[in-house]
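Working notes, beginning with the structure itself.
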Amino acid sequence: MAVNHLRLYIASRTLLCIGLLLLGINIAGTFIPLRNPDLYKDDLSLFKDDITLTEDQLWSSTVRRLDESTEEYVIKLNEAVNKGTAHYWDDRGIYRYNLRISIYENYLLFFASYLSPCLW
């Protein structure tokens, strides 16, 4: 009986530590930017002026004007996302440009990318 209580105590403490660690990783992720500033300086893609909008410019361009139709707004959003996205397919910059889902953004997808990298 005492052995079962000890196992339950150890398991609960282990899960508590894992939960606190994951919570800490999640909180740290709110302070770590996803975009590497070198993204705007390096010639990393096949397209000229591939990424022209910074993150702040991208968010400010998503504001809808009162006189704007839905069609115009959707076109504007599409262009903003296109200009704010780096189209990069080379494996050399996966970690430098944060192209792999980081552990502080989604730890489940992060670990899954190492278990089966061809799916992610």
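Taken together, the values in this text are just the output of simple stated rules run on the coordinates, not laboratory data. Quick caveat: nothing in here was measured; it's all calculated off a predicted structure. Backbone-built Cβ (ideal geometry, glycine too); neighbour counts: all protein chains shown.
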Using label points projected 7 Å from each Cα along Cα→Cβ, tell me how many nm separate residue 68 and residue 36, to one decimal.
3.1 nm
Calculated FRET efficiency, residue 79 and residue 116, Cβ-Cβ r, R0 35 Å, to nearest 0.05?
0.50
Across region 3-14, in residue order, what do the Karplus-derived ³J(HN,Hα) couplings come to in whole Hz, using 6.51 cos²θ - 1.76 cosθ + 1.60 with θ = phi - 60° and x for Gly and Pro?
5, 5, 5, 5, 4, 5, 5, 5, 5, 5, 5, 5
With θ set to phi - 60° and the Karplus curve 6.51 cos²θ - 1.76 cosθ + 1.60, what are the ³J(HN,Hα) couplings of region 55-67 in order, to the nearest whole Hz, using x for Gly and Pro?
4, 5, 5, 4, 5, 6, 7, 8, 6, 8, 6, 5, 8
